[in-house]
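Peer 1: Quick one: this structure, given as structure tokens, is what I'll be asking you about.
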Amino acid sequence: MVDVIWLGHACFLLRSDTKSLIFDPFKGTGLPEPKLKADIVLCSHSHSDHNNVAAVKHEKSAVLEKFAGTKQIDGVSVKGIATFHDDAEGGKRGRNSVYVVELEGVRFCHLGDLGHELTPSEQNEIGSVDVLFIPIGGIFTIGPQQARNVMKSLKPKITVPMHYNAPGMSITFRVLKKVEDFLSKDDTIKKLDGPSFTIDKTDLPEKETIIVPKLIH
């Protein structure tokens, strides 16, 4: 079993009985900075709202930023796929790493600040996905419709939207779309009363489901 905790923006903590991992710790978003420590810290790129490593690492933490390739870290399989932060092959905002992590038999994919739809080659590199963390806010990343196209191309069991205009964010991020702009009446949606949920490999939903955690400040 893996606990999934949304810490805000594009930052998620994955926690099993033996390991903890954080994607894209942030600062400067208006939300309280993450304080939980993790054994593995993965940053999709070097912007400050995605690489506040100091807030979440401990003295033995493994840290990867803009990583591309495959790596085993203390028994955890980590794969980084090189993509772009924009639709101009990095000309506007640079590179972005998509991460695929396998923990307790569950395959998680975190798209970071993906700025374009995935090519067939990138889809193949990502492979099968149980849980997808996808940016939906537009402006700095793909927007709601592009995000839906990416979601359909990867066919995850569970999709968790991120990087949108959430309550408490600073004015810089209020230009982003809201989560409702991504959701459709035809979706199977599970809105949570809190920021966390638990995943078990043997109990993944049969029907593709969108889970929307709720931040509690």
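The values are calculated or read from the model by the stated rules, or taken from the named source; none is laboratory data. Keep in mind it's a predicted model, so treat the numbers as computed, not measured. In this analysis, Cβ positions are derived from the backbone assuming ideal geometry, glycine residues included, and neighbour counts consider all displayed protein chains. What goes into the accessible areas is simple: the full protein's heavy atoms, side chains included, and nothing from ligands, DNA or RNA. Shrake-Rupley method; radii C 1.70, N 1.55, O 1.52, S 1.80 Å.
Peer 1: Which pairs in the list 66/177; 71/177; 37/185; 37/155; 66/207; 79/185 are over 29 Å apart, alpha-carbon to alpha-carbon?
Peer 2: Distance filter (> 29 Å) returns 71/177; 37/185; 37/155; 66/207; 79/185.
Peer 1: Can you tell which of 60, 37, 190 shows the greatest fluctuation in a Gaussian network model of the chain with Cα springs below 10 Å?
Peer 2: Highest fluctuation of the listed residues: 60.
Peer 1: What list of ³J(HN,Hα) couplings, whole Hz, do you get for segment 41-56 from phi and the Karplus terms 6.51, -1.76, 1.60, once you set θ to phi - 60° and write x for glycine and proline?
Peer 2: 10, 10, 10, 6, 6, 9, 6, 5, 7, 9, 9, 7, 4, 4, 6, 10
Peer 1: If you roll a 1.4 Å probe over segment 1-158 with all protein chains in place, what percent of the accessible area is carbon or sulfur? Working shown, then result.
Peer 2: Working: 2920 of 6270 Å².
Exposed carbon and sulfur together represent 47 percent of the surface.
Peer 1: Suppose we take every Cα in segment 49-183 and form the convex hull; what volume per residue is that in Å³?
Peer 2: It comes to 123 Å³ per residue, whole-number rounded.
Peer 1: Sticking with this one: So in the chain, what percent of DSSP beta bridges are antiparallel if you round to the nearest 5?
Peer 2: Of the beta bridges lying entirely in the chain, close to 60 percent run antiparallel.
Peer 1: Taking R0 as 35 Å, what's the FRET efficiency between residue 121 and residue 216 from their Cβ-Cβ distance, rounded to 0.05? Before the final figure, lay out each step's value.
Peer 2: On the way: r = 40 Å, r/R0 = 1.14.
It comes to 0.30.
Peer 1: Putting +1 on Lys and Arg Cβ atoms and -1 on Asp and Glu Cβ atoms, find which of 205, 38, 80 reaches farthest to the positive end of the dipole of the chain.
Peer 2: 38
Peer 1: In a GNM of the chain with a 10 Å cut-off on Cα contacts, which of 155, 191, 177 has the highest mean-square fluctuation?
Peer 2: Result for the chain, Cα springs under 10 Å: 191 fluctuates most.
Peer 1: On a full-extension model of 0.36 nm per residue, what is the gain between residue 27 and residue 3, subtracting their alpha-carbon distance, rounded to one decimal in nm? If you can, show how the numbers build up before the last one.
Peer 2: Working: separation 24, 0.36 × 24 = 8.64 nm, distance 2.28 nm.
Full-extension gain reported as 6.4 nm.
Peer 1: Cα-based Rg (one decimal) and Dmax (whole number) for segment 42-84, in Å?
Peer 2: Answer for segment 42-84, Rg first and Dmax second: 11.0, 31 Å.
Peer 1: Still on this structure, I have one more. Using a/c under 1.5 as the rounded threshold, could you call segment 135-217 rounded, prolate or oblate? The axes a ≥ b ≥ c are square roots of the C-alpha gyration tensor eigenvalues, and prolate needs a/b larger than b/c, oblate otherwise.
Peer 2: It comes out oblate by the Cα gyration axes.
Peer 1: Here's a follow-up. What FRET efficiency, computed as 1/(1 + (r/R0)^6) with R0 = 25 Å and r the Cβ-Cβ distance, is obtained for residue 16 and residue 153, rounded to the nearest 0.05?
Peer 2: Calculated value: 0.35.
Peer 1: Please compute the modelled spin-label separation between residue 59 and residue 196, points set 7 Å along Cα→Cβ, answer in nm with one decimal.
Peer 2: My value for the distance between the label points is 2.6 nm.
Peer 1: Given only helices, namely DSSP H runs of n ≥ 4 each adding -39500 (n - 2.57), what is the per-residue ellipticity at 222 nm of the chain, to the nearest 500 deg cm²/dmol?
Peer 2: -2500 deg cm²/dmol
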